[in-house]
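**Q** Got a structure for you, questions after.
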Amino acid sequence: MAELVIALDYPTMDAALATARGLRGAAKAAGAGESAGGRLWMKVGLELFTASGPEVVARLKDMGFPVFLDLKFHDIPNTVRGAVRSAVATGADMCNIHLSGGERMCRAAVEGLAEGAAVRGPGIAPILLGVTVLTSVAPGELPGGADPSAEASRLALCGREWGLSGVVCSGHEAEGIKQRCGSDFICLTPGIRPAAPQGSGSGGDDQRRVMTPAEAVRAGSDYLVVGRPVTGAAGPDGPAEAARRILAEIREA
Ligand code: C5P
């Protein structure tokens, strides 16, 4: 079953941890057992990590959540190798790089992943994903007029060849990517917008290639990333209630 990843895009660690605490009940309601882990992940992105550093990853792990460290590395191969190694050493269960960095950069990242996992000990198998084309990019916005979905599929095939576990793509590309790269090649999909208005992000915000949770699941996405529709939901129990509804939609789909 597809898993839900909540984007904790906050300017402080305290704000992020407060939301995470509120979401522990939703994780249990989703059948994830006594620990908050299982089907509900927390995502730490550029804003939060820049403000808080690696401590936020450790604190979320202590709460029982699997953590996706979404820093989208894109630099020379040696730098990305070290960055991925460091990302995994924080305790993150998933991290990512930009596929447009090319083959040598991506293969160096795969090496950094193995090195970081070795630091943490035996049996640790973190996931490395390649970003194809950001879900905020609309048709007509790429330089040279390339079609975002065609470009995402092309990059996904490269990612599989270069040793990555999967890609970050929109729901619109997931089905085609699964067909071309194999069903075990992971598709993680941001740009998720529930059909019924929930949080402040229900209108799509800066996202362009969007889908509802049910549509993304039917398209084959393995992980759905949702930020503002959950974090912006009104009321003290708003985020947990929004997450519960999305988890129910995932189950039904
Ligand atoms: O609030 P919203 O649901 O739009 O948040 C989406 C999250 O997913 C953000 O943290 C954003 O950085 C991330 N993301 C994305 N598109 C990608 C990769 C990551 O929107 N291709």
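The values are calculated or read from the model by the stated rules, or taken from the named source; none is laboratory data. Bear in mind the structure is a predicted one, so any value in this text is a computation, not a measurement. FYI the Cβ positions are ideal-geometry reconstructions off the backbone, even for glycines, and counts take in every protein chain you see. Only protein heavy atoms, including side chains, enter the accessible area calculation; ligands, DNA and RNA are left aside. Shrake-Rupley method; radii C 1.70, N 1.55, O 1.52, S 1.80 Å.
**Q** Which numbered condition trips up residue 198, out of (1) buried (at least 20 other Cβ atoms within 10 Å of the Cβ); (2) modelled with pLDDT of 90 or more; (3) within 16 Å of the ligand (Cβ to nearest atom)?
**A** For residue 198, the exception is condition (2).
**Q** Which one of these does residue 138 not meet: (1) surrounded by fewer than 24 Cβ atoms within 10 Å (Cβ to Cβ); (2) under 19 Å from residue 209 (Cα atoms); (3) touching a Leu at 6+ places or on another chain (Cβ under 7 Å)?
**A** Condition not satisfied by residue 138: (3).
**Q** Are there any pairs, at least 6 apart or on different chains, whose C-beta atoms fall under 8 Å, with the first in the range 225-238 and among the acidic types (Asp, Glu) and the second open to solvent by 10 Å² or more (accessible area, probe 1.4 Å), and if so, which?
**A** These pairs meet every condition: 237/22.
**Q** Same structure again: Within the range 209-235, which residues are open to solvent by 10 Å² or more (accessible area, probe 1.4 Å), part of a loop (DSSP other than H, G, I, E, B) and more than 10 Å from the ligand (Cβ to nearest atom)?
**A** 212, 220, 222, 233, 234, 235
**Q** Name every residue in the range 17-41 that is among the hydrophobic types (A, V, I, L, M, F, W, C), at pLDDT 80 or above and open to solvent by 10 Å² or more (accessible area, probe 1.4 Å), in order of residue number.
**A** Selection gives 18, 41.
**Q** Of the residues that sit in the range 74-102 and are buried (at least 24 other Cβ atoms within 10 Å of the Cβ) and within 16 Å of the ligand (Cβ to nearest atom), which one is farthest from residue 115 (Cα to Cα)?
**A** 99
**Q** Using the structure shown, decide if residue 120 is in contact (Cβ under 8 Å) with a residue 24 or more places away in the chain and closer than 19 Å to residue 221 by Cα.
**A** Against the criterion (in contact (Cβ under 8 Å) with a residue 24 or more places away in the chain and closer than 19 Å to residue 221 by Cα), residue 120 does not qualify.
**Q** Is there any pair linking a residue in the range 38-54 that is among the aromatic types (Phe, Trp, Tyr) and within 13 Å of the ligand (Cβ to nearest atom) to one that is part of a strand (DSSP E or B) and open to solvent by 30 Å² or more (accessible area, probe 1.4 Å), with Cβ under 7 Å and at least six apart or on different chains, and which?
**A** Cβ pairs passing all conditions: 41/3.
**Q** Is it true that some residue in the range 236-249 is open to solvent by less than 30 Å² (accessible area, probe 1.4 Å), in contact with a helix residue (DSSP H, G or I) (Cβ under 6 Å, 6 or more places away or on another chain) and part of a loop (DSSP other than H, G, I, E, B)?
**A** no
**Q** Considering each of 143, 66, 126 in turn, give the residue that is surrounded by fewer than 19 Cβ atoms within 10 Å (Cβ to Cβ), over 18 Å from residue 170 (Cα atoms) and free of Cβ contacts under 8 Å to residues at least 40 places away in the same chain. First the steps, then the outcome.
**A** Numbers: 66 fails: surrounded by fewer than 19 Cβ atoms within 10 Å (Cβ to Cβ); 126 fails: surrounded by fewer than 19 Cβ atoms within 10 Å (Cβ to Cβ).
Sole residue among the options that is surrounded by fewer than 19 Cβ atoms within 10 Å (Cβ to Cβ), over 18 Å from residue 170 (Cα atoms) and free of Cβ contacts under 8 Å to residues at least 40 places away in the same chain: 143.
**Q** Same structure again: Could you please give the count of residues in the range 159-175 that are among the hydroxyl-bearing types (Ser, Thr, Tyr) and open to solvent by 10 Å² or more (accessible area, probe 1.4 Å)? I'd like the intermediate steps shown before the answer.
**A** Filtering the range 159-175 for residues among the hydroxyl-bearing types (Ser, Thr, Tyr) gives 165, 170.
When the remaining residues are screened for being open to solvent by 10 Å² or more (accessible area, probe 1.4 Å), the result is 165.
Qualifying residue count, the range 159-175: 1.
**Q** So in the range 204-236, with the set limited to residues that are modelled with pLDDT of 90 or more and among the charged types (D, E, K, R), which one is farthest from residue 177 (Cα to Cα)? Walk me through it before giving the result.
**A** Here is the first cut: in the range 204-236, the ones modelled with pLDDT of 90 or more are 208, 211-234.
From what is left, the residues that are among the charged types (D, E, K, R) are 208, 215, 218, 222, 228.
On the way: 208: 19, 215: 15, 218: 13, 222: 12, 228: 26 Å.
Only one residue tops the list, namely 228.
**Q** Another question, if that's okay. Going through the range 121-141 one residue at a time, which ones are over 14 Å from the mean Cα position of the chain (by Cα) and more than 10 Å from the ligand (Cβ to nearest atom)?
**A** If the condition is that a residue be over 14 Å from the mean Cα position of the chain (by Cα) and more than 10 Å from the ligand (Cβ to nearest atom), then 121, 122, 123, 124, 125, 138, 139, 140, 141 are the ones that fit.
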